[in-house]
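J.: One structure follows; several queries about it will come next.
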Amino acid sequence: MLATVLSAVVTVQNPQVGIADTSPDGINPGSLLIQEVVKLPLEFVRQLSIKVQHERPGWRCDKVIDIYSGCALSLPNLTYPVLHLSTHTPPLCVEIKPKWGFLPSSKHVSKDIKSKVCRFCMYQLYKVATGKWKKRSLYCPLDLFSGNKQRMHFAIRQLIEEPQNNLKIFKGGQCIYSRKDSDDSLDLNSLLHHLRPYFLQGNNRFNCHMTNKAVLNDFIQVLMNALLSSEGREGGPVNDRHAERQSYCDASLFNKERSRQGSQGLPGDSVLSRILQTQMLDMRDIEELYPLYHRVEQHLQDFPKQRARLHIEGPYNKEFLEMLQKCPAEDDGSVEYAATKIHQYLITKTAKDCSIMVALVPSSDKEEEDEGYSWRRGSRPPPFTSLVSILDLDPKPFDSILYQLRLDQTIVSFYLQTRSALPEDSVSSHPTICAAPEKEECTLLFHPV
């Protein structure tokens, strides 16, 4: 199984989404995650399974480690990268699950609401109603994937205010901010206390004073820079007018008028753009895909030995990749076409559930001087070297289509039933990190003329 996962990541997923390695000057040579299947003693795996079980959130306790395989996937510790920098400050790392970054076109959906409200925002109502989370997240993936800095700032702010399982922040390899389950409390003041020393240097503040709002804004700005950086190759913003009309979710609280003057579109080689392009490899909605799945299922009932030929469980090799690339544009009624379209959909599903790891290493004083930075005289946040990677690229099982269809129908039906019952002020009462007014101190500097 692990060999199947690894082959899918290396052969299919990595060429599609890529992995970025960025620095303050915008140079991004790019790198691939070094990963391999390793053998482990069975007793070690058993003890590990026992040790980590109590660390799992309640809604993940039904997932267990396979203690009989004796194998594991070895990955680098992305929360503590080795970048050979002359700095003693521990690195920061942010894990983001960006989710589904576009709306399906109306011709691919049976319910018109699915072309107006994104899957994430609809799913939030269902998750709160079923008790998975006590409070709905006001994050909207379409804001993050918009490329508009105002909308992206708003989206990241909402992730911080209600992270659920979509955001984690690490310092020196240790998690300092996350929410495991609905009963887990957030310590926002503790997070700001951890972040403050990283940004005091670049804000011309005296007496070590810096408001919570300033710390948060600087942190979000640095994170946005990493997400928008490209690999140094030519690639302008992706700004398709047809896509732009679908780039707003009706459930997002961001004021659309505020972004009219901002730039639209992601840099073509940024990590967000790569993920979005992979998500859009197949624009079919699950409702349109299910008849193709049914065609394959009927065929396999008559010819069960053809599962290998159709790559139902892999292998995800070059032959599989060629099959995806050579798929005809129009349905010719064949089982090969149906199987290929399902595989393409499952790849997009992986891209919709992947995680972005953004490691942020503060640049040393010497590096700032070498690069000509003069942050103490300005008001911008200090420079960071960033390493951007993508995780959770394991393939989705072929037989998950029926489950996904039923879940989609449940989410949409529940949203249509409950959205009209929501009180108008149910969202406006949502607390914010900087809800309490802060006294902003100012220092006037007089220079001789």
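J.: Return the pair list, or none, for Cβ contacts closer than 7 Å from residues in segment 177-202 that are under 18 Å from Glu55 (Cα atoms) to residues that are among the polar types (S, T, N, Q) and modelled with pLDDT under 75, at least 6 apart or on different chains.
T.: Between residues of segment 177-202 that are under 18 Å from Glu55 (Cα atoms) and residues that are among the polar types (S, T, N, Q) and modelled with pLDDT under 75, there is no close pair.
J.: For segment 279-338, which positions are free of Cβ contacts under 8 Å to residues at least 60 places away in the same chain, of a type in the set (S, T, N, Q) and closer than 23 Å to Gln409 by Cβ?
T.: Answer for segment 279-338, where residues must be free of Cβ contacts under 8 Å to residues at least 60 places away in the same chain, of a type in the set (S, T, N, Q) and closer than 23 Å to Gln409 by Cβ: just Gln298.
J.: Within segment 287-303, which residues are surrounded by fewer than 21 Cβ atoms within 10 Å (Cβ to Cβ) and at pLDDT 90 or above?
T.: Tyr290, Pro291, Leu292, His294, Arg295, Glu297, Gln298, His299, Leu300, Gln301, Asp302, Phe303
J.: Taking segment 43-74 as the search range and keeping residues that are surrounded by 12 or more Cβ atoms within 10 Å (Cβ to Cβ) and among the aliphatic types (A, V, I, L, M), which one is nearest to Lys127 (Cα to Cα)?
T.: Filtering first and then ranking leaves Ile65.
J.: Quick one: how many residues across segment 324-342 are open to solvent by less than 10 Å² (accessible area, probe 1.4 Å) and not hydroxyl-bearing (Ser, Thr, Tyr)?
T.: Number satisfying all stated conditions: 3.
J.: When only residues in segment 304-316 that are closer than 24 Å to Leu393 by Cα and of a type in the set (D, E, K, R) count, which is modelled with the lowest pLDDT?
T.: Glu313
J.: Moving on to the next point. When the residues of segment 389-410 are narrowed to those that are open to solvent by less than 20 Å² (accessible area, probe 1.4 Å) and within 30 Å of Tyr80 (Cβ to Cβ), which ends up nearest to the chain's Cα centre (by Cα)?
T.: Ile390
J.: Working only within segment 77-88, note down all residues that are at pLDDT 75 or above and open to solvent by less than 60 Å² (accessible area, probe 1.4 Å).
T.: Residues satisfying the conditions are Leu78, Thr79, Pro81.
J.: Additional query: Scan segment 309-344 residue by residue and report those that are of a type in the set (Gly, Ala, Ser) and assigned to a loop (DSSP other than H, G, I, E, B).
T.: Ala329, Gly333, Ser334
The values are calculated or read from the model by the stated rules, or taken from the named source; none is laboratory data. None of the values given here were measured: they were computed from a predicted structure. Cβ coordinates were reconstructed from backbone atoms using ideal geometry, including for glycine residues, and neighbour counts include every protein chain displayed. These area figures cover heavy atoms from the full protein model, side chains too; ligands, DNA and RNA do not enter into them. Shrake-Rupley method; radii C 1.70, N 1.55, O 1.52, S 1.80 Å.
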